[in-house]
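A short write-up of the structure that comes next.
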Amino acid sequence: MAKIAFDELRFVVADDNAHMRRIVRTLLRAFGSREIYEAEDGASGLEAVEAYSPDILITDITMPIFDGIELTRMIRNPEGCRHPFLPIIVLSAYSEKKHVIAARDAGATEFLCKPVSATALYRRIQNVVSNPRDFVRTKSYFGPDRRRYVNPNYSGVERRTGAPGDNIVDPNQVELEA
Amino acid sequence: MQQHSSNANTAMTRQVNKTGINLRDKCLRPGDDNEAAQQAITRAEQALEHLSVNFDDWIVTESRQLAKSRDDAKAAGFSENALRDLFQAAHNLKGQATTLGYPLADEICASLCRLIDKIPDKSRLPLLLIDQHVDAVRAVVAEGAKGTDNPKASVLAKRLHDVTGDFLAQEAARAGAA
């Protein structure tokens, strides 16, 4: 087993509510993180990602200018953002399935429902760090593999191709066959 | 690379890498993960406890914002933008009221969000029921009804939840019959 050195992790927290940003910042600082940058809307969230190159983004869904789902999509677009592999934890008061699916399909790494707790936030970060998910690219999606379970016997049209563990840092380098 | 032809949207799913960002190497250190996690979570809960001296002020601010959004929405004839702002204020409060110590305010705001979000015809939003939700939140906060033990506040939250459910069912039936 290994422990997380939070002082090595840089966060951006995007939430339009100042109180919620303060709560999340308090939790992260108590975990041991020292570099936490805040953004109050989707646009400034994207700017902060570009400016500070965080290790993890924590974002609300409902925000002015553009929301957390759009922010996630923009980050996952390698033509629009320099950090398409950035782990993204969506932290939202939306708990309905449709919102979880929307976040997942935009490329979110983890989803966490408000009210936030120290335990739940820690576990999501731990998952991001200790159990990183492979990235996949399809015609309509680039992001963490949305499957949590790998069935080695699956042979349908959505089966994964390519060698597991291929370490291709730039998603633009991955060519899809026509 | 394999090509699949039966589903244009999902074919050619390519596993492109392990994560792009290797946070394991960056911030995992030898040590007892469970013990470190428990210590970090305990520190975070203590930090939230220290922060909680602000929570009563914060919930008052948020409930005032909710009331202001309600007043603005009324003045604007419940225009689309005004209604969105009212939903946003209720949603913000829903997301943090439990953390701030007022789970019943969270429940009431969840009911108000459901009312605004689910009603098939926004022009039929019941102003009285909106008022009752907003005034109930303010009453819960004014009474300092923390936790879920306050009998009056509990009954109020449940009653609003039930009335909203009945009303939405009627509206759905009406919309279906039209």
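The values are calculated or read from the model by the stated rules, or taken from the named source; none is laboratory data. Everything numeric here is computed off the predicted structure, so don't read it as measured data. Methodologically, a virtual Cβ is constructed for each residue, glycine included, from the backbone with ideal geometry; neighbour enumeration extends over all protein chains shown.
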Output the residue which, of all residues in the range B:21-59 that are within 7 Å of chain A (Cβ to nearest Cβ) and touching a His at 6+ places or on another chain (Cβ under 9 Å), is modelled with the highest pLDDT. B:Trp58
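So that you can scan it fast, the table gives a plain yes or no per residue for (1) hydrophobic (A, V, I, L, M, F, W, C); (2) more than 26 Å from the chain's Cα centre (by Cα); (3) in a helix (DSSP H, G or I):
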residue	(1), (2), (3)
B:Asp25	no, yes, yes
B:Gln38	no, yes, yes
B:Gln46	no, no, yes
B:Phe55	yes, no, yes
B:Glu62	no, no, yes
B:Arg84	no, no, yes
Any residue at all in the range B:128-137 that is surrounded by fewer than 16 Cβ atoms within 10 Å (Cβ to Cβ) and outside any helix (DSSP H, G or I)? no
Residue by residue through the range B:62-72, note down the ones that are surrounded by 15 or more Cβ atoms within 10 Å (Cβ to Cβ) and either touching a His at 6+ places or on another chain (Cβ under 8 Å) or within 15 Å of B:Cys109 (Cβ to Cβ) (or both). B:Glu62, B:Ser63, B:Gln65, B:Leu66, B:Ala67, B:Ser69, B:Arg70
Scanning the range A:112-137 residue by residue, the ones that are more than 8 Å from every other protein chain (Cβ to nearest Cβ) and either acidic (Asp, Glu) or touching a Ser or Thr at 6+ places or on another chain (Cβ under 6 Å) (or both) total 1
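Only one residue in A:Asn127, A:Asn153 is surrounded by fewer than 17 Cβ atoms within 10 Å (Cβ to Cβ) and modelled with pLDDT under 90. Which one?
Within the list A:Asn127, A:Asn153, the selection yields A:Asn153.
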Test result for A:Ile101, more than 10 Å from every other protein chain (Cβ to nearest Cβ), over 27 Å from B:Ala37 (Cα atoms), without any contact (Cβ under 8 Å) to a residue 24 or more places away in the chain and β-branched (Val, Ile, Thr): yes
One residue is enough: does the range A:39-53 have a residue meeting the conditions closer than 26 Å to B:Asn54 by Cβ, without any contact (Cβ under 8 Å) to a residue 60 or more places away in the chain and among the β-branched types (Val, Ile, Thr)? no
Could you check, for the range B:90-104, whether at least one of its residues is outside any helix (DSSP H, G or I), away from chain A (no Cβ under 12 Å) and touching a residue at least 24 places away in the same chain (Cβ under 8 Å)? no
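For residues that are surrounded by 23 or more Cβ atoms within 10 Å (Cβ to Cβ) and within 7 Å of chain B (Cβ to nearest Cβ), scanning just the range A:1-16, find the one that is nearest to A:Pro78 (Cα to Cα).
First, pick out the residues of the range A:1-16 that are surrounded by 23 or more Cβ atoms within 10 Å (Cβ to Cβ): A:4, A:9, A:11-15.
If we keep only those that are within 7 Å of chain B (Cβ to nearest Cβ) too, we end up with A:4, A:9.
Values: A:Ile4: 28, A:Leu9: 22 Å.
Among those that are surrounded by 23 or more Cβ atoms within 10 Å (Cβ to Cβ) and within 7 Å of chain B (Cβ to nearest Cβ), it is A:Leu9.
Could you list, in sequence order, all residues of the range B:105-156 that are acidic (Asp, Glu) and farther than 19 Å from B:Ile59 by Cβ? Reasoning before the result, please.
Taking the range B:105-156 as the starting set, the residues that turn out to be acidic (Asp, Glu) are B:106-107, B:117, B:121, B:131, B:135, B:143, B:149.
Scanning the range B:105-156 gives B:Asp117, B:Asp121, B:Asp131.
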Looking only at the range A:25-44, which residues are of a type in the set (A, V, I, L, M) and buried (at least 22 other Cβ atoms within 10 Å of the Cβ)? A:Leu27, A:Leu28, A:Ala30, A:Ala39
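For the range A:75-93, give me each residue that is more than 13 Å from chain B (Cβ to nearest Cβ) and either in contact with a strand residue (DSSP E or B) (Cβ under 9 Å, 6 or more places away or on another chain) or surrounded by 20 or more Cβ atoms within 10 Å (Cβ to Cβ) (or both).
Within the range A:75-93, A:Asn77 is the sole residue that qualifies.
Just to verify a result, which residue in the range A:45-66, among those that are of a type outside the set (A, V, I, L, M) and over 15 Å from the mean Cα position of the chain (by Cα), is surrounded by the most Cβ atoms within 10 Å (Cβ to Cβ)? Spell out how you get there, then give the answer.
Applying the first criterion (of a type outside the set (A, V, I, L, M)) to the range A:45-66 yields A:45, A:47, A:50, A:52-55, A:59-60, A:62, A:64, A:66.
Then keep just the ones that are over 15 Å from the mean Cα position of the chain (by Cα); that gives A:47, A:52, A:62, A:64, A:66.
Values: A:Glu47: 14, A:Tyr52: 17, A:Thr62: 21, A:Pro64: 12, A:Phe66: 15.
The extreme case among them is A:Thr62.
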Could you please find all residues in the range A:1-23 being in contact with a Lys or Arg (Cβ under 8 Å, 6 or more places away or on another chain) and farther than 17 Å from B:Asn22 by Cα? A:Val13, A:Asp15, A:Met20
